[in-house]
Amino acid sequence: MTSTMEWIRRTYDVPARHGMRIEYDGKPATIIGAGGGYLRFRIDGEKRRTVGHPCYRIVYPAVPEPARPRGWCKHCGKDRAMTRDGVMGNHRWNGRDWSEPCPGSGQPPWKPVRNQTHPGEQRTAAAS
Ligand SMILES: [Zn+2]
């Protein structure tokens with residue numbers, strides 16, 4: 001089963017993870033969970049959690065580029081390393097048998113894994 005946090009990473013091209021420090025509306029906050037496509041986080045100094053859209057007023061930390069580029073596998077939908085030729089590296093998948101290589105191995109990714117720090121802002125910049 002796919003976690004909502006993974007779904008958020010794949011859908012919005014952001015590096016969201018449990019426990020990650022982010023900035024919400026200019027205030028430091030910590031991601032504490034995800035559900036229904038939304039992020040749950042706690043703003044520093046506040047007792048209540050806040051629920052927000054992954055692209056709304058959130059700034060993610062800059063994540064260093066991995067040594068090997070990563071892609072979202074077209075077949076299994078997982079974040080996996082890519083080869084130098086730009087195709088998905090060999091990886092297992094949770095099909096009938098964990099020992100089977102994923103049919104997406106060696107195929108182009110559905111899309112590259114991206115770690116945008118502020119997708120809302122970037123979307124506006126791209127549209128103008
Ligand atoms: Zn795969």
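The values are calculated or read from the model by the stated rules, or taken from the named source; none is laboratory data. Given the structure is predicted, the values throughout are model-derived calculations rather than measurements. Cβ atoms come from the backbone with ideal geometry, glycine included; neighbour counts cover every protein chain shown.
Pick out the one residue from Ala126, Ala81 that is more than 20 Å from Tyr24 (Cα to Cα), at pLDDT 95 or above, aliphatic (A, V, I, L, M) and not in a loop (DSSP other than H, G, I, E, B).
Working: Ala126 fails: at pLDDT 95 or above.
Matching residue, one of Ala126, Ala81: Ala81.
From the set of residues in segment 104-120 that are more than 27 Å from His53 (Cα to Cα) and within 11 Å of the ligand (Cβ to nearest atom), which is surrounded by the most Cβ atoms within 10 Å (Cβ to Cβ)? Taking the candidates together, the pick is Gly104.
Would you check if Tyr38 is within 16 Å of Val113 (Cα to Cα), away from the ligand (no atom under 16 Å from the Cβ) and aromatic (Phe, Trp, Tyr)? Talk me through it step by step, then tell me what you get.
On the way: within 16 Å of Val113 (Cα to Cα): no; away from the ligand (no atom under 16 Å from the Cβ): yes; aromatic (Phe, Trp, Tyr): yes.
Criteria not met by Tyr38.
The residue of segment 60-74 that is farthest from the ligand (Cβ to nearest atom), among those that are farther than 15 Å from His18 by Cα and modelled with pLDDT under 95, is Ala62.
With within 16 Å of the ligand (Cβ to nearest atom), over 14 Å from the mean Cα position of the chain (by Cα) and not basic (Lys, Arg) as the only criterion, which of Pro101, Pro28 stands out? Show your work before the answer.
Details: Pro28 fails: within 16 Å of the ligand (Cβ to nearest atom).
Within the list Pro101, Pro28, the selection yields Pro101.
So that you can scan it fast, the table gives a plain yes or no per residue for (1) outside the structural domain of Arg9 (by TED's automatic domain parsing); (2) in contact with a strand residue (DSSP E or B) (Cβ under 9 Å, 6 or more places away or on another chain); (3) of a type in the set (Val, Ile, Thr):
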{"residue": "Trp72", "(1), (2), (3)": "yes, yes, no"}
{"residue": "Asp79", "(1), (2), (3)": "yes, yes, no"}
{"residue": "Thr83", "(1), (2), (3)": "yes, no, yes"}
{"residue": "Val87", "(1), (2), (3)": "yes, yes, yes"}
{"residue": "His91", "(1), (2), (3)": "yes, yes, no"}
{"residue": "Asn94", "(1), (2), (3)": "yes, no, no"}
